[in-house]
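The block underneath contains the structure these notes are about, expressed in structure tokens.
The values are calculated or read from the model by the stated rules, or taken from the named source; none is laboratory data. Nothing here was measured: the structure is a model prediction, and the numbers come from that model. We place every Cβ from the backbone using ideal geometry, glycine too, and count neighbours over all the protein chains shown.
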Amino acid sequence: MKKENNSLIRKDGFQTLLASLVCILGGIFVGYIALLIIEPSGALGAITAVLKSFFRYPGKLMLKYFGQTLVRTVPLLMCALSVLFAYKVGMFNIGVAGQYVAGACGCLYAALAWNLPWLPCLLIGMVMGALLGAASGLLKTKCNVNIVISGIMLNWITLYLTNLILGTVKSPSSPYTMSLMGTNPKALLPSLGLEALFNNEKSVTIAIPVALIMAVVVWVVLNKTKFGYELKATGNNYNAAKYAGMKENQNIILTMLIAGALAGMGAGLLFLTGIEDWETTISSVPAMGFNGIAVAFLGGLSPLGSILSAFFIQYITTGGGNVDLQVYCAQISSLISSLIIYLCAFVAFFKFFIQTRIRKSDEKKAAALKASEEGGEDK
Amino acid sequence: MTLLVQYTLIFASVLLLVALGGCFAERSGVINIGLEGIMVVGALGGALVMKFLPVTVGAPVMVLTTIVASALFGLLFSLLLAVAAINFKADQTITGTAMNMLATAGATVAVKAMNTAASGGNDVSSDIAYTQAKDLFIVRFGSFEFNWFMLVAVICLVAAYVVLYKTRFGLRLRACGEHPQAADSVGINVYKMRYAGVLISGLLGGLGGIVYITAGVSVWKFENGVAGFGFLALAVMIFGAWHPIKIALAALLFGFFRALGNVYSGFDFMMALNIPSVVYNMLPYIISLVVLAFTSKKSRAPKAEGIPYDKGSR
């Protein structure tokens, strides 16, 4: 029995899962302490509200909020896929936030100004994100600009440009863009009857299965194709890949292009459901992209793990809105997710710690075995 | 015109302080992407002092306390990076990114909790106002408003130059960023030096944070963080080739473009161009990208930056 237990803990995937769980527990624990400091009497209720999320609502309403949570999980998962895809090639794609914004800009403008149906809108969003990603990749390979810095600069430039462009299609009475439903209903993603599963929540569309399929596609590309192998080789050792005859710079640009397309698609899959409109006076880069980074690392940089972690992060974000706003604030869940990503930085150390422990216990056992074999007469 | 000079100088002071902070961290071998978050936390510390310390204490006490509080807040927050990057050999980019998110989320939660409690649930904003205290920082020469923070920035510049290039400590710090193994072999404690580098960057970054939020306005909404200014400062540091004097010149250039966004409406010819205001908002970011594209090719980055130091590795 003990042996079986041992072999499970030796698995890399299990160690990653364990590490992620520790990160989550740590994040929730510190978040709880923050709540206790703000107002001890209601803290337990508040953290329960965050963790129960949509489950606190009765039957039909719960299904509705469950559906909405899934709808918002989609862009988060796509951003996470973008981050982890780039990370495999050694690129820290913090520009994912800007690529997401560019995607929103492209698909909403195509839908509202040109009245295109949903598929071209989605594709235009992807292309916008891809262009921005490729720009970061080009700046890195041609001019050696640090990918994090160029990503951040592009995030802000894109945000201001998007506000400018989408300002031309905004509704006259509010800072938001015109609603898709009222202006161009054929730009809404088809639902294929999926909304019936979630108490007719209108925003539930094919976006959810599409995002799941994309996660699988990314997994296949990274793990089962020559292209994926080359990308990982470039990420592991740039020079070795170069001398092995791989086109390292082209790979980097291509990776960033794909990463950007994934993020842009994520924006399209959210905004084309009509669940929300773009606010043209927004003055900071949307947190979606940055949360995507948290999701990717919490998911152990695996596409399939990211599905779980994206759902979890969105789950507690939805839960954040449930706390008593007279006392606490909804940002408690951003605090928890940022703590989780901070703890994720320690994952490598955590795994190293487990592995050292395993090795030490192995050595001890081997030594004991040896001692019992040859040293019988000593005792 | 005076207004343009005034804003250029104050924004240059912010960029200078934060970029010098980045410089200390990177010279010791640790990449500090978390400067943005450190600025937020430093700004929070300073803003709290400016809100709660009565204005009657007078300018010197107010200025000094604010400076000490924001520097201290920044320093304490940078410990998060120091512990993760130096002791636990964590990925410095992830840690820094997490710190940026953590700072904005944490500051928002803290300020909202404070406002909510003070108002009994009526005010749930994340704003801190410091209108009266802000006046104590300003000395008026005609229409030019001299801000004590400008002097602080100059003092820090001189100090940074002297420390990095004229002291034994500076030499050792730089050695740890270039070749930590060699530094260790001659008896320098690499971990200690890197701690010093990161903590100094926290101190300067925190200081830069309070200067930034008091530069143009007298109320700050902490939900917004500091709008990528920490990253602009990193661009200034790279453009300034990790050298204090060059960083100061780069900060003036970037500060000028940032100031344009605040004051362009005061110039008739610029208004006549009829450029939308967002273009001015984008300007510092565009300029920094262009400048980086031309200067990053022959980067003089410290050789060992971003690589955790492991005594056992070769």
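Just one of the listed residues (B:ARG172, B:ARG194) is of a type in the set (Lys, Arg), in contact (Cβ under 8 Å) with a residue 24 or more places away in the chain and over 14 Å from B:THR66 (Cβ atoms), namely B:ARG194.
Exactly one residue among A:GLN314, A:GLN326, A:GLN355, A:GLN331 is more than 21 Å from A:VAL71 (Cβ to Cβ) and away from chain B (no Cβ under 14 Å), and that residue is A:GLN355. Scanning the stretch B:190-214 for residues that are farther than 17 Å from B:GLY45 by Cα, touching a Phe, Trp or Tyr at 6+ places or on another chain (Cβ under 9 Å) and either modelled with pLDDT under 95 or crowded, with 22+ Cβ neighbours inside 10 Å (or both) turns up B:VAL190, B:TYR191, B:MET193, B:ARG194, B:GLY197, B:VAL198.
Residue count for the stretch B:257-308 under the criterion of being more than 10 Å from every other protein chain (Cβ to nearest Cβ), surrounded by fewer than 14 Cβ atoms within 10 Å (Cβ to Cβ) and among the small types (Gly, Ala, Ser): the result is 3. Would you confirm, using the coordinates I've provided, whether A:VAL285 is more than 27 Å from A:GLY228 (Cβ to Cβ), within 19 Å of the chain's Cα centre (by Cα) and outside any helix (DSSP H, G or I)? Yes, satisfied. Taken as a whole, the structure places A:ASN291 among residues that are assigned to a helix (DSSP H, G or I) and within 14 Å of another protein chain (Cβ to nearest Cβ).
Against the list (1) modelled with pLDDT under 90; (2) out of contact with any strand residue (DSSP E or B) (no Cβ under 8 Å at 6 or more places or on another chain); (3) among the aliphatic types (A, V, I, L, M), the condition B:MET237 fails is (1). It is to be established whether one or more residues within the stretch A:354-372 are in contact with a helix residue (DSSP H, G or I) (Cβ under 6 Å, 6 or more places away or on another chain), surrounded by 22 or more Cβ atoms within 10 Å (Cβ to Cβ) and touching a residue at least 40 places away in the same chain (Cβ under 8 Å). Within the stretch A:354-372, not a single residue is in contact with a helix residue (DSSP H, G or I) (Cβ under 6 Å, 6 or more places away or on another chain), surrounded by 22 or more Cβ atoms within 10 Å (Cβ to Cβ) and touching a residue at least 40 places away in the same chain (Cβ under 8 Å). If only residues of the stretch B:108-125 that are more than 8 Å from every other protein chain (Cβ to nearest Cβ) and touching a residue at least 12 places away in the same chain (Cβ under 8 Å) are counted, the one that is surrounded by the fewest Cβ atoms within 10 Å (Cβ to Cβ) is B:SER125. Tally up the residues in the stretch A:338-357 that are modelled with pLDDT under 85 and within 16 Å of B:ALA110 (Cα to Cα), please. Residues in the stretch A:338-357 being modelled with pLDDT under 85 and within 16 Å of B:ALA110 (Cα to Cα): 0 in total.
Scanning the stretch B:139-160 turns up one or more residues that are assigned to a helix (DSSP H, G or I), at pLDDT 90 or above and either among the hydroxyl-bearing types (Ser, Thr, Tyr) or touching a Cys at 6+ places or on another chain (Cβ under 9 Å) (or both). Evaluation of A:ALA330 against the conditions (1) modelled with pLDDT of 85 or more; (2) more than 19 Å from A:ALA97 (Cβ to Cβ) shows that the sole unmet condition is (1). Taken as a whole, the stretch A:239-260 holds at least one residue that is surrounded by 15 or more Cβ atoms within 10 Å (Cβ to Cβ), over 26 Å from A:LEU304 (Cβ atoms) and among the polar types (S, T, N, Q). In the set A:LEU257, A:LEU262, A:LEU222, only one residue is part of a helix (DSSP H, G or I), touching a Cys at 6+ places or on another chain (Cβ under 9 Å) and not small (Gly, Ala, Ser); that residue is A:LEU262.
Screening B:PHE149 against (1) in contact with a Ser or Thr (Cβ under 9 Å, 6 or more places away or on another chain); (2) closer than 30 Å to A:PHE290 by Cα leaves a single unmet condition, (2). Pairs linking a residue in the stretch B:224-242 that is aromatic (Phe, Trp, Tyr) to a residue that is not in a helix (DSSP H, G or I), with Cβ atoms under 7 Å and 6 or more positions apart or on different chains, are B:TRP242/B:ARG300; B:TRP242/B:ALA301; B:TRP242/B:PRO302.
Which of the residues spanning the stretch B:29-39 are more than 9 Å from the chain's Cα centre (by Cα) and either surrounded by fewer than 24 Cβ atoms within 10 Å (Cβ to Cβ) or among the aliphatic types (A, V, I, L, M) (or both)? B:VAL30, B:ILE31, B:ILE33 - these are the residues of the stretch B:29-39 that are more than 9 Å from the chain's Cα centre (by Cα) and either surrounded by fewer than 24 Cβ atoms within 10 Å (Cβ to Cβ) or among the aliphatic types (A, V, I, L, M) (or both).
The sole residue among B:SER143, B:SER126, B:SER185, B:SER78 that is in contact with a Ser or Thr (Cβ under 7 Å, 6 or more places away or on another chain) and over 26 Å from A:ILE37 (Cβ atoms) is B:SER143.
When restricted to residues that are buried (at least 17 other Cβ atoms within 10 Å of the Cβ) and touching a residue at least 24 places away in the same chain (Cβ under 8 Å), the stretch A:172-201 contains 9.
Taking the criterion of being of a type in the set (Val, Ile, Thr), assigned to a helix (DSSP H, G or I) and at the interface with chain B (Cβ under 9 Å from one of its Cβ atoms), the residues of the stretch A:133-167 that qualify are A:VAL148, A:ILE149, A:ILE152, A:ILE157. Among the residues of the stretch B:5-28, none qualifies, meaning not one is more than 13 Å from chain A (Cβ to nearest Cβ), without any contact (Cβ under 8 Å) to a residue 60 or more places away in the chain and either among the β-branched types (Val, Ile, Thr) or in contact with a Pro (Cβ under 6 Å, 6 or more places away or on another chain) (or both). If you take the residues of the stretch B:64-85 that are under 14 Å from B:VAL30 (Cβ atoms) and within 12 Å of chain A (Cβ to nearest Cβ), which of them is surrounded by the fewest Cβ atoms within 10 Å (Cβ to Cβ)? The selected residue is B:VAL83.
Checking the condition more than 15 Å from the chain's Cα centre (by Cα) and under 25 Å from B:THR93 (Cβ atoms), which residue from B:LEU44, B:LEU80 passes? Residue meeting the stated conditions: B:LEU80.
Results for (1) buried (at least 24 other Cβ atoms within 10 Å of the Cβ); (2) part of a helix (DSSP H, G or I), shown as yes or no for each residue.
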| position | (1), (2) |
| --- | --- |
| A:VAL50 | yes, yes |
| A:LEU63 | no, yes |
| A:VAL83 | yes, yes |
| A:ALA86 | yes, yes |
| A:ASN93 | yes, no |
| A:ALA104 | yes, yes |
| A:LEU108 | yes, yes |
| A:LEU119 | no, yes |
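In the stretch B:228-241, which residues are out of contact with any Phe, Trp or Tyr (no Cβ under 7 Å at 6 or more places or on another chain) and either away from chain A (no Cβ under 13 Å) or crowded, with 24+ Cβ neighbours inside 10 Å (or both)? Once the filter is applied, which keeps residues that are out of contact with any Phe, Trp or Tyr (no Cβ under 7 Å at 6 or more places or on another chain) and either away from chain A (no Cβ under 13 Å) or crowded, with 24+ Cβ neighbours inside 10 Å (or both), the stretch B:228-241 yields B:GLY230, B:PHE231, B:ALA233, B:LEU234, B:ALA235, B:MET237, B:ILE238, B:GLY240, B:ALA241.
Do we have B:ALA105 as within 8 Å of chain A (Cβ to nearest Cβ) and not in a helix (DSSP H, G or I) here? No.
Taking the stretch B:279-305 as the region of interest, how many residues are within 27 Å of B:GLU178 (Cα to Cα) and assigned to a helix (DSSP H, G or I)?
Within the stretch B:279-305, residues that are within 27 Å of B:GLU178 (Cα to Cα) and assigned to a helix (DSSP H, G or I) number 7.
Assess whether B:ILE67 counts as being more than 21 Å from B:LEU151 (Cβ to Cβ) and part of a helix (DSSP H, G or I). So B:ILE67 fails the test.
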